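Asks: Please find one structure pasted underneath; my questions will follow.
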Amino acid sequence: MDESQSNILDFYAISDDASGDALREIFREFWPAYQKWIERSDTNDAGMCAGQIRAHMPELVGVFDRLVALFGGGEDIARFLSLYSPPRVVRACSQLVVDDDDGPVLIRSYDFHPDLFDGVVLSSSWCGTPTLAVMDCLWGALDGINAHGCAVALAFGGRNAVGPGFAAPLIVRYLLETCRDVRDARGALAGLPVYMPYTFVVADLSGEFLTAYLGPDREPVFVSRRASTNHQGSVEWEAYCEQTQSEGRLEALEALVDSADAMGAARDAFVRAPLWRRDYSRGAGTLYVAEYRVASRELVLRWPGREERFGLDGFEPRRFSVDLDSV
């Protein structure tokens, strides 16, 4: 989360072990910027925020307490890691579930400002289930997969609403740590408060998939749709959806669903306009495309002309950089 202006992304692929050394190093780099961000929050009671974790995500309490201690303790760190009603963040994403010869694949693009991106791929086994995820906010996840073959991704829901609840990356983390399949994820999402409208896509080993529309002011809506962008059924925030081309991107995704080679067509389409976007100055350029191959529990990060592969088995920590202006 470097505050300097740059379209070069530095990626860290790390594995968390008992020492926590790799995560502690990431914390030291990103915490100054995150501390400024969390200080803008209207929620100042760290005890209340931690209490929300205990009430709604009891399975994560041990991990939460460990990370608070690992990162040095204190109210700011506890309040930040709770990700309960933090300052508002608006992103743009395109998401699609397709079937390959080996089974379901969840493909998504993530559009955001390059300077506000962690760039961390984390392999961990915090609650007994190995997970592989693109990390956000030092323990949350933008997207990921677990050893059960359950893949999850988030997208902003395209409505200007805010309320008490958790940031979407912590909800993705919770699903990865606790859910074996789409059915488990649906049950969990039905009871979790989210602080902004967000759309979650889940796919599992059986071939089941689910798109969930959540918001702080509405009951959850679950639909069996393979494609989603940044509006939940209908456009309600016209200026945002027009800026991010949400309707046009959804049309492009839906055209892929019935193609003869949906997987091949999708891999090509996600690295071309309108799904691949270059509006980096307004925080709406594509930072990566992620392919989660459910059967093999693999993640492929892609850019035009380049890809990086990761697996739950044989994960190899490494660092690499991507120049978004040259791909």
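Any read-out appearing in this document is the output of simple, stated calculations on the displayed coordinates, not a laboratory observation. None of the values given here were measured: they were computed from a predicted structure. Quick reminder, even Gly has a Cβ in these numbers, built from the backbone with ideal geometry, and neighbours come from all protein chains shown.
Asks: Report the per residue volume, in Å³, of the convex hull enclosing the C-alpha atoms of region 1-105.
Replies: 180
Asks: Here's something else I'd like to know. Take peptides 269-277, 129-137 and line them up by average Cβ neighbours within 10 Å, highest first, as a rough protection proxy. Walk me through the numbers on the way to the answer.
Replies: Values: 269-277: 18.2, 129-137: 24.0.
Descending mean neighbour count gives 129-137, 269-277.
Asks: Relative to the longest principal Cα axis of the chain, at what angle does helix 246-257 sit, 0 to 90 degrees, rounded to 10?
Replies: Here the helix axis deviates by roughly 60 degrees.
Asks: Using only the Cα atoms of region 128-174, build the gyration tensor, take square roots of its eigenvalues as a ≥ b ≥ c, and label the shape rounded, prolate or oblate: rounded if a/c is under 1.5, else prolate if a/b is larger than b/c, else oblate.
Replies: Taking the square roots of the gyration eigenvalues as a ≥ b ≥ c, region 128-174 is prolate.
Asks: Sticking with this structure for a sec: Quick one: 3J(HN,Hα) in Hz for region 58-64, Karplus 6.51/-1.76/1.60 with θ = phi - 60°, rounded, Gly and Pro as x.
Replies: The phi angles translate into x, 5, 9, 4, x, 5, 4 Hz.
Asks: Let me ask you something else. Can you give me the Cα centroid spacing of region 109-153 and region 42-85 in angstrom?
Replies: 19
Asks: Around residue 289, what is the net charge, scoring Lys/Arg as +1 and Asp/Glu as -1 over all other residues with Cβ under 10 Å from its Cβ? Don't skip to the answer; put the middle values down first.
Replies: On the way: positive: 108, 267, 302; negative: 291, 307.
Value of the local net charge: +1.
Asks: Running Debye on region 218-304 with equal point scatterers at the Cα sites and no solvent, what base-10 log of I(q)/I(0) appears at q = 0.19, 0.23, 0.24 Å⁻¹?
Replies: One equal scatterer on each Cα of region 218-304 leads to -1.04, -1.31, -1.34.
Asks: How charged is the neighbourhood of residue 314? Take every other residue with its Cβ under 15 Å from the Cβ of residue 314, and add Lys/Arg as +1 and Asp/Glu as -1.
Replies: So the surrounding residues net to 0.
Asks: Round to the nearest 0.05 the FRET efficiency obtained for residue 236 and residue 327 when R0 = 41 Å and r is the Cβ-Cβ distance.
Replies: 0.80
Asks: Sort largest first and round to whole Å: the equivalent ellipsoid semi-axes of region 175-327, each the square root of five times a Cα gyration tensor eigenvalue.
Replies: 25, 23, 16
Asks: Rg to Rh for region 171-247: what is it, with Cα atoms only and Rh by Kirkwood?
Replies: Radius of gyration relative to Kirkwood radius: 0.98.
Asks: Here are labelled values, [x] 79, 44, 40; [y] 54, 42, 41; [z] 86, 38, 32, and one is the computed Cα extents along the principal axes in Å for what I pasted. Which one?
Replies: The listed entry that was calculated here is [y].
Asks: Further question on the same structure: Going toward the positive end of the dipole of the chain, with +1 on Lys and Arg Cβ and -1 on Asp and Glu Cβ, which of 7, 84, 257 do you reach last?
Replies: Selected residue: 84.
Asks: How far, in degrees from 0 to 90, does helix 168-178 lean away from the longest principal axis of the Cα atoms of the chain, to the nearest 10?
Replies: Tilt of helix 168-178: around 90 degrees.
Asks: Using Cα pairs closer than 8 Å and at least 6 residues apart in sequence, work out the relative contact order for region 1-82, in percent.
Replies: 33
Asks: OK, next. Going from the alpha-carbon gyration tensor of region 260-300, what semi-axes, largest first and in whole Å, does one get by taking the root of 5 times each eigenvalue?
Replies: 23, 14, 5
Asks: If you don't mind, there's one more thing I want to ask. For helix 21-38, what angle does its Cα long axis make with the longest principal axis of the chain, in degrees from 0 to 90 and rounded to 10?
Replies: 90
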